[in-house]
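Before any comments, here is the structure.
The values are calculated or read from the model by the stated rules, or taken from the named source; none is laboratory data. Remember, it's a predicted structure, so these values are computed and weren't measured experimentally. These accessible areas exclude ligands, DNA and RNA; they are computed on the full protein's heavy atoms, side chains included. Shrake-Rupley method; radii C 1.70, N 1.55, O 1.52, S 1.80 Å.
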Amino acid sequence: MKYPILTIGKTEAVTKVWMTRKDAATYLGVSTDYIKSLCNDAKFRWYKVGGLALIKKDDLDRYIEKHRVV
């Protein structure tokens with residue numbers, strides 16, 4: 001996911017590093033309940049800031065790569 005950064009007279013794309021559970025579910029094409037169960041089962045690292053669960057995109061990618069079939 002890329003979000004623009006506004007600078008004086010320029011717009012630059014930035015890759016999103018941190019995802020909420022909802023962002024992660026959208027990224028993987030699964031439900032938020034499934035992401036929540038993966039977090040609860042400690043299938044990948046996640047972080048809690050206040051009441052917000054945050055997941056690094058790299059950790060999601062690594063989890064998917066570990067489950068590669070072919």
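Order Val30, Val49, Val70 by their accessible area, 1.4 angstrom probe, all chains in place, largest first.
Numbers: Val30 55, Val49 90, Val70 145 Å².
From most exposed to least exposed: Val70, Val49, Val30.
Under 5 Å between amide hydrogens, which residues at least 5 positions from Leu54 or on another chain qualify, with H placed 1.01 Å from N in the peptide plane?
So Leu54 has HN proximity to Tyr47, Lys48, Val49.
If ligands, DNA and RNA are left out, what is the accessible area of Lys56 with a 1.4 Å probe, given in Å² to the nearest 10?
Accessible area, nearest 10 Å²: 70 Å².
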